[in-house]
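Asks: Could you have a look at this structure, given as structure tokens, before my questions?
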């Protein structure tokens, strides 16, 4: 239908798209990831040593929780995390106070700190040397993986 020049143009609005809630999309993505993980593991596309099925992981975690083994390992891991955090906090605080106390110390120390680069790379190289008794055979693959992924 033709319109008059003085008549305002009215556009039909497009009805808003109904979006799914974020929690539902996130849950669906996690469920899909779990199903794919299970399928890849069960079909043997990746050896179970490197990617065990999630059902096998949950079954083993349940067995370890019932036997008390899980809590012992969890306590040891949390102890190492806490010790590392405490040592890092103390060292960082002392170094920060030291470098912040004068411009000359900052000028001397800051370039050396910057030269260290990525802390995770440094940690992966120093961890086995600093605490070999805590980096047992169980931690060796993790340290090796950190070296490979951070280089």
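The values are calculated or read from the model by the stated rules, or taken from the named source; none is laboratory data. All values derive from a computational prediction rather than experimental measurement. Cβ atoms come from the backbone with ideal geometry, glycine included; neighbour counts cover every protein chain shown.
Asks: Which one of these does residue 122 not meet: (1) modelled with pLDDT under 85; (2) within 26 Å of residue 50 (Cβ to Cβ); (3) part of a helix (DSSP H, G or I)?
Replies: With (1) modelled with pLDDT under 85; (2) within 26 Å of residue 50 (Cβ to Cβ); (3) part of a helix (DSSP H, G or I) applied to residue 122, the lone miss is (2).
Asks: What are the pairs with Cβ atoms under 8 angstrom where one residue, in the stretch 39-61, is outside the structural domain of residue 71 (by TED's automatic domain parsing) and the other, located anywhere, is assigned to a loop (DSSP other than H, G, I, E, B)? Sequence gap at least six, or different chains.
Replies: Every condition considered, the pairs that remain are 40/46; 40/51; 41/48; 41/51; 41/52; 41/53; 42/53.
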